[in-house]
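Just so it is clear, none of the values below were taken in a lab; they were calculated from the coordinates. Source: prediction; values computed, not measured. Because the Cβ atoms are built from the backbone with ideal geometry, glycine has one as well, and the counts that use them run over all protein chains shown.
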Amino acid sequence: MVSLATLELASAPAHRLTLQTAAIAPDSTAIRCLDWDRDRFDIEFELQNGTTYNSFLIRGEKTALIDTSHGKFKDLYLAELQALVNPAEIDYLIVNHTEPDHSGLIGNLLALAPQITVVASKVAIQFLQNQLHRPFGFQMVKSGDRLDLGNGHELTFISAPNLHWPDTMLTYDGSTGVLYTCDVFGLHYCDDSLYDEMPTLLEADFQLYYDCLMGPNARSVLAALKRIEPFAIGQIATGHGPLLRHHIADWTGRYRTWSEAQAQAEPFVAIFYAGEYGHSDRIVHALGQGLLKTATAVELVDLLDTDIPAVRELVSTAAGLVLGMPPQTAPGLEPILSTILAAAHPKQAIGLFETGGGQDEPIFPLRNRFQELGLESAFEPILIKATPTEATDKLCEEAGTDLGQWVNRDRTQKQGQSHNSGLDQALGRLSTGLYILTARKGDVTSAMLASWVIQASTEPPGIAIAVAKDRAIESLLHWGDTFVLNVLEEGNYQRLMKHFLKRFPPGGDRFEGVATYAATNGSPILAEALAYLECTVNHRMEAADHWMIYCTAKTGRVAKPNGLTAVHHRKASNHY
Ligand SMILES: Cc1cc2nc3c(=O)[nH]c(=O)nc-3n(C[C@H](O)[C@H](O)[C@H](O)COP(=O)(O)O)c2cc1C
């Protein structure tokens, strides 16, 4: 029997916050925080129907709370929780995901009940340590780990990394058949129906939620669906919206169909690394940034927290692989590495890095193995011997971009083919000058030949430059960054043009053999330039495959008063 207790927050009629408490299975209670009027979720999407934050209490011989709630429910939630259970009797807080709408009250709960052991994935515990700034007892769990609460309530944890956040796990109670999923299978929909009796009312919000939060990690969704297959699921207790009980096969089937379609549509790169080992997290972040510049999807896999079927699936379907050398001594690694080698195939590119953890798997023998298997090296092995700097980040970002460009080479080639249409040719008649952009930011420098440059304002003097999203220099052209626009001279530009059009290796010095001197903003001025402008980025506008960058010019100088700007004529619009 479901009993409902609804408390209205009388003082805030415009933003109705109410609470619903209901028994959902033996010894299991849902505490749903109903946020009727929330109309936006972060910057992600607009909400039509409010949302809910659901928390659950299981009382075996031991007592466990699963997730908490949003900070705005502090008074309502904590009062209701204390009416249900003496906080001193709560043994475990199971945190399936640490985003603040579910973890916002953990600090308050731990203040009331410091004896609680927080049970979560390794990543979630690390996030919480940064969030809470207070010591707390914890137990890190991996996929397949169990926790016996007594009275038959044995919980099994199922890791579901990247289902929105890397920390995500699901919790299954074998005695009740309830799968507690937090964000997964959730939807932003607020009403006081506890369950999904009316699916037609829910499906639009269910799909919007999937598209915004889960779709970008479709392969991780498929891996998680595979992991939950062995469990007999009687209901899905989600962290947002109604619980799912009446149409489970339909809801999970929709996740499968959408994820399969999404996964087939775009090539992706799988990055395997040992989280928290050496500097691998930082390297992976920089590689990922570089891949994102080429719009390549990325799947991150912690080698120390994964399983063989998931690895096999990802390696066999990925267009590219990155492998960060894990510690040789890590338990269970041998079969994972063998699986990667067995599933890798010649249509893939590979990149390897080593973070100087001291006892890494040797990198060059592995590189040779991948080459023997026919994989293409997207970049030379990256060997990080000292603490990474901005220059290391840039090198890794450029390596990621090189890999992304390899993965997308067919698509890029197609775009580069002339359509021979009137539009294509007419657009090709837009002519410009020739310029070299040069920039320095800290100890990182970069440069690029550019022709899509125009004056864009007179007061203040401003210019606009179209910079392709995957250019190396793009990350030095963010808001507030400074650079130099070097104007090339007619009859005297071939050498510089040839030099800057070379294919530089990741992190390569683009100024070797070129005479420069420093501008007041620190960027290099080319000694052979006809003129230069010192610029500051004021605005960036997304223009499909380019960033349109508007900058104001602070200083400028013409080296040869009678010199003319090199002019660039072309015949078609799909080439510079
Ligand atoms: C004549 C010419 C003009 C170019 N103009 C631009 C431009 O305006 N914007 C741009 O993003 N790339 C432009 N490019 C492409 C880059 O200069 C070129 O790809 C360069 O090698 C970039 O290096 P990166 O990909 O390593 O960053 C131009 C290339 C040529 C040949």
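Worth a mention:
- Taking every alpha-carbon pair within the chain, the share separated by more than 45 Å comes to 30 percent.
- Tensor-based shape of segment 7-263 (alpha-carbon gyration tensor, a/c under 1.5 rounded, otherwise prolate or oblate): rounded
- Shape of segment 474-525 from the C-alpha gyration tensor: oblate (a/c of 1.5 or more and a/b not above b/c, with a ≥ b ≥ c the square roots of its eigenvalues).
- Dipole magnitude (debye, nearest 20) for the chain, charges at Cβ of Lys, Arg, Asp, Glu: 2120
- Protection proxy ranking, peptides 231-239, 370-378, average beta carbon neighbours within 10 Å, highest first: 231-239, 370-378
- Per residue, the average separation of C-alpha pairs within less than 8 Å and at least 6 apart gives the chain a relative contact order of 8 percent.
- Compared with the dominant Cα axis of the chain, that is its longest principal axis, helix 308-317 is turned about 30°.
- Residue-by-residue Karplus 3J(HN,Hα) for segment 390-405, coefficients 6.51, -1.76, 1.60, Hz, glycine and proline x: 4, 5, 5, 4, 5, 4, 5, 4, 5, 5, x, 5, 4, 5, x, 5
- Remark: segment 121-216 carries a charge dipole of roughly 700 debye about the Cα centre, counting +1 on each Lys and Arg Cβ and -1 on each Asp and Glu Cβ.
- A cut-off of 5 Å between modelled amide H atoms, ignoring neighbours fewer than 5 places along the same chain, links His539 with Tyr550.
- Cα long-axis angle, helix 248-265 against the chain (0 to 90 degrees, to the nearest 10): 10
- Using the rule -39500 (n - 2.57) for each DSSP H run of four or more residues, divided by the residues of the chain, the 222 nm mean residue ellipticity is -8000 deg cm²/dmol.
- Kirkwood radius for segment 153-277, taken over all pairs of different Cα atoms as the inverse mean of 1/r, rounds to 15.1 Å.
- Between helix 122-132 and the chain: long-axis angle, C-alpha atoms, 0 to 90°, nearest 10: 90
- Among beta bridges that DSSP assigns inside the chain, antiparallel share in %, nearest 5: 70
- For segment 147-157, backbone phi angles converted through the Karplus equation (6.51, -1.76, 1.60; θ = phi - 60°) give residue-by-residue couplings of 9, 8, 8, x, 6, x, 7, 9, 8, 10, 9 Hz, Gly and Pro being listed as x.
- Antiparallel content of DSSP bridges confined to segment 7-263, in %, to 5: 70
- Proximity of backbone amide H atoms, modeled 1.01 Å from N, is registered between Ile66 and Phe56, Leu57, Ile58, Ile94 at under 5 Å, excluding neighbours fewer than 5 places apart on the same chain.
- Free-standing Cys residues across the chain, given no other cysteine C-beta under 4.7 angstrom: Cys33, Cys182, Cys190, Cys212, Cys396
- Cα-derived Rg over Rh, computed across segment 267-412 with Rh taken as Kirkwood radius: 0.93
- With an a/c value under 1.5 for the gyration tensor axes a ≥ b ≥ c computed over the alpha-carbon atoms, segment 422-568 is described as rounded.
- For segment 406-491, diffusion coefficient by Stokes-Einstein and Kirkwood Rh (Cα), 25 °C, 0.890 mPa s, µm²/s: 160
- Couplings 3J(HN,Hα) of segment 285-297, computed from phi: 4, 5, 4, x, 4, x, 5, 4, 4, 9, 6, 9, 6 Hz, in residue order, whole Hz [Karplus 6.51 cos²θ - 1.76 cosθ + 1.60, θ = phi - 60°; x for Gly and Pro].
- Taking amide H as placed 1.01 Å from N in the peptide plane, the amide H of Gly556 sits under 5 Å from that of Glu534, each at least 5 places away or on another chain.
- Bridging of Lys554 to lysines at a Cα separation below 24 Å is possible for Lys441, once same-chain residues fewer than 8 apart are set aside.
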